[in-house]
């Protein structure tokens, strides 16, 4: 009886949805995207995968419909809704990195896995989700204000992936 109760508790926990969850629309790649994010970003976990109980405009009964996951501590639901809506840079995940190695690892994981590099620390994954891979040194430089912030900002504007050493040099002048 105790084992059955524990299983029931685990099933409820798997199906719990956070009070505020970001829903990300995918054509058909929600599960693959979630698994990539969980493998790539710290503080990320895979949750329940739910299959469609009936046919729907973009899929069939039994297809993966939604996937619950946490990416870098943010609860999300991936919805396989079909090609109706596309992602844009109007929504992005901003990931604060501690050093160049972490910046390189995350940026390269996204870009080298079918993603696309952009400017000023931005890139897009192969599913179209925009990411800002932002070293904390850049955020601190901009928060400092004045000439230091201006130099760091000017340096950042010339970059794709952020170069931590170049930002630190710009801060010093």
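All of the numbers you see were taken from the coordinates with simple rules; none came from a lab. Not measured: the values here are computed from a predicted model. Neighbour counts run over all protein chains shown; Cβ positions are idealised from the backbone, glycine included.
Things worth noting here:
- Each of 56, 37 was scored by other Cβ atoms within 10 Å of its Cβ. Listed from fewest to most, they are 56, 37.
- Folded to 0 to 90 degrees: helix 2-15 orientation relative to the chain principal axis, Cα: 50 degrees
- Of all DSSP-defined beta bridges confined to the chain, some 60% are antiparallel rather than parallel.
- The distance linking region 134-151 with region 93-120 is 19 Å (Cα centroid to Cα centroid, whole angstrom).
- Fewest-first ordering of 168, 89 by other beta carbons within 10 Å of each residue's beta carbon gives 89, 168.
- Shape class of region 95-173 from the alpha-carbon gyration tensor: prolate, with a/c at 1.5 or above and a/b greater than b/c.
- Angle between the chain longest axis and helix 146-156 axis [Cα atoms, degrees, rounded to 10]: 60 degrees
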